[in-house]
Amino acid sequence: NKDGSSTYHYYHKLLYNSYLSFNRFYGETFVVYNPEYQTLKVNKSETTMASGKKVKSPENAYNEVLPSAAADAPAYNYLREMVITHVGLERGVVVELDYVIESKLGFQPFFADKVNLCESSPVKEQEVIVRIPKDEKLNVNIINQPKGLICKVTTDGDYTVYSWKTENLKGYSHEPLQIEGQASYPFITFSNVDLQTAFNYLKGKLTNTLVTDDASKKLITSDAKGWEKVNLIREHVALNMNSYGVQPQLTGYRFRSPEEVWQSNGGTDGEKVVLLAEMLKSAGFNAQPVIAGYSHFLNEEIGCLGAFDKIYVKVNFENETRLKLDLNAGMYL
């Protein structure tokens, strides 16, 4: 939107052909959002039965719950997940769902997204539409462009409208041992800033100073030396502190301070990485967070924070560099 806020409008129309479709996969829809910055409105949830009878989801078909990722994360218990139960389900029904999520100005640092065109089941027809004010530039990249994808650029008043339409997409595979980073699937990535701007923003958010207390000072000033001390601090942060599965997209890429993470004995991957890096710095080591992403999502013109899906801590000591691979496994490269 012109004021910097954004609107996400989702619609689907699904035909259910099997009992498995509504007993296991599509009997409910789950929409996670951040009520501090976002509002959710369901415009339509309606089932057209095989007989042609239309059944709307009743009031008690909408239930707000705590997202599973925030279940053991007290700092993020304000997040919400709307569970939309679809009713009147049988083989041959068609379910329509239409909802809108409005995000306030300031929730997102800039306008960007990474959209996988494939769904868990085959799609007969799909369209992705992006509206942006005419004075804004949108950088776009398509990975594994599907055959027949049609792109249109039009104007609508003060907005430039980009639309991508495709038909007969296969569902994504549920088999194990696939190519890492979903490299074999079609994606549309777009942003109104470049990659360097996005990287600098995220780097700034992952930089913070630690104000130590007696407990953290005791760990930092322990008698262990060299890599033994690095391992001691890492094991405490990685294994003795809780890990929250909350994705940074849900918090608008906001991270709590290292003190908050230490005092609450838990944090997201990003928060624990910042804490670990700062504790190692306080112990006299050259340590810093490292942001990583799969190369096929990294394009110099497109600054999409969703392209950075890994974060590590790099430590340089005695002419040796170690990059922590997994916050919980404690592995080094």
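Summary table
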item	result
Residue within the range 112-123 that is open to solvent by 40 Å² or more (accessible area, probe 1.4 Å), outside any loop (DSSP other than H, G, I, E, B), of a type in the set (D, E, K, R) and without any contact (Cβ under 8 Å) to a residue 60 or more places away in the chain present	no
Residue identified as open to solvent by less than 80 Å² (accessible area, probe 1.4 Å), in contact (Cβ under 8 Å) with a residue 40 or more places away in the chain and within 24 Å of the chain's Cα centre (by Cα) among Tyr162, Tyr201	Tyr201
Residue in the range 54-69 that is in contact with a helix residue (DSSP H, G or I) (Cβ under 9 Å, 6 or more places away or on another chain) and at pLDDT below 95 present	yes
Residues satisfying the stated conditions in the range 124-161, i.e. part of a strand (DSSP E or B) and within 15 Å of Phe187 (Cβ to Cβ)	Gln126, Val128, Val130, Asn139, Val140, Asn141, Ile142, Ile143, Cys151
Residues (at pLDDT below 90 and closer than 30 Å to Ala112 by Cα) located in the range 312-327	Leu323, Lys324, Leu325, Asp326, Leu327
Matching strands (runs of 3 or more DSSP E) fully within the range 57-104 where at least 2 residues are in contact with a His (Cβ under 8 Å, 6 or more places away or on another chain)	94-103
Failed criterion for Phe187 (all others in (1) modelled with pLDDT under 95; (2) touching a helix residue (DSSP H, G or I) at 6+ places or on another chain (Cβ under 9 Å) hold)	(1)
Residue within the range 268-275 that is modelled with pLDDT under 95 and either open to solvent by 40 Å² or more (accessible area, probe 1.4 Å) or on the phi > 0 side of the Ramachandran plot (or both) present	yes
Condition check for Pro67: more than 20 Å from Val115 (Cα to Cα) and exposed (fewer than 13 other Cβ atoms within 10 Å of the Cβ)	no
Subset of the range 233-254 [open to solvent by 50 Å² or more (accessible area, probe 1.4 Å) and under 19 Å from Pro74 (Cβ atoms)]	Asn240, Asn242, Ser243, Gln247, Arg254
Residues satisfying the stated conditions in the range 1-31, i.e. exposed (fewer than 11 other Cβ atoms within 10 Å of the Cβ), closer than 16 Å to Glu102 by Cβ and at pLDDT below 95	Asp3
Qualifying residue in the range 283-298 (condition: closer than 26 Å to Glu36 by Cβ, open to solvent by 10 Å² or more (accessible area, probe 1.4 Å) and assigned to a loop (DSSP other than H, G, I, E, B))	no
Residue list for the range 299-308, restricted to those being more than 30 Å from Lys229 (Cβ to Cβ) and either open to solvent by less than 10 Å² (accessible area, probe 1.4 Å) or outside any strand (DSSP E or B) (or both)	Glu300, Glu301, Ile302, Gly303, Cys304, Leu305, Gly306, Ala307
Residue match in the range 143-151 (condition: modelled with pLDDT of 95 or more and basic (Lys, Arg))	no
Residue tally, condition free of Cβ contacts under 8 Å to residues at least 60 places away in the same chain, surrounded by fewer than 24 Cβ atoms within 10 Å (Cβ to Cβ) and under 22 Å from the mean Cα position of the chain (by Cα), over the range 258-267	0
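The values are calculated or read from the model by the stated rules, or taken from the named source; none is laboratory data. All values reported here derive from a predicted model rather than from experimental measurement. With ideal geometry, Cβ positions are generated from the backbone for all residues, glycine too; neighbour counts draw on all protein chains shown. Quick note on the areas: whole protein, heavy atoms, side chains included, nothing else; ligands and nucleic acids left out. Shrake-Rupley method; radii C 1.70, N 1.55, O 1.52, S 1.80 Å.
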